[in-house]
Amino acid sequence: MTKVGSDVAAVTAAVAGVLRELRVRHALTRQELSARTHHLVSASSISAYEHGARAIKLAVLAMLCQALGEPVAAVLNEAERRAAAPSRCGCEHTDRQPTSG
């Protein structure tokens, strides 16, 4: 996978995590969040987005953010911040080649 591809995958995974955390913070089930989108986004689709089994389109992200009362920009900024942060194990997983000194 290229650097761009891995960056996109990392941000996509981070968006999934942010969405799930926001849903839980708002004390909503997936079914309740789906209802807030007037069932335009099904509970099973929300689950797939949260687990990274399905890539989320911007229009769907916008609907979910609106249903959660959260700005899309805030969700994307948080996801980007998480994707750029070193992993929790304290080591940076990257496909960069070491530089020779």
| query | Is there any pair linking a residue in the range 55-73 that is under 18 Å from Arg25 (Cβ atoms) to one that is acidic (Asp, Glu) and exposed (fewer than 13 other Cβ atoms within 10 Å of the Cβ), with Cβ under 9 Å and at least six apart or on different chains, and which? | reply | none
| field | Gly52, sole failed condition from (1) surrounded by 14 or more Cβ atoms within 10 Å (Cβ to Cβ); (2) in contact with a His (Cβ under 9 Å, 6 or more places away or on another chain) | value | (2)
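Let's see how each residue does on (1) of a type outside the set (Val, Ile, Thr); (2) touching a residue at least 24 places away in the same chain (Cβ under 8 Å); (3) in contact with a Phe, Trp or Tyr (Cβ under 7 Å, 6 or more places away or on another chain); (4) within 15 Å of Val75 (Cβ to Cβ):
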| site | (1), (2), (3), (4) |
| --- | --- |
| Ala16 | yes, yes, yes, yes |
| Arg23 | yes, yes, no, yes |
| His26 | yes, yes, no, yes |
| Ser34 | yes, no, no, no |
| His38 | yes, no, no, no |
| Ser44 | yes, no, no, no |
| Ala53 | yes, no, no, no |
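Where a number appears in this text, it was derived from the coordinates with a stated rule and is not lab data. Predicted model only: the values in this text are computed from it and were never measured. Because the Cβ atoms are built from the backbone with ideal geometry, glycine has one as well, and the counts that use them run over all protein chains shown.
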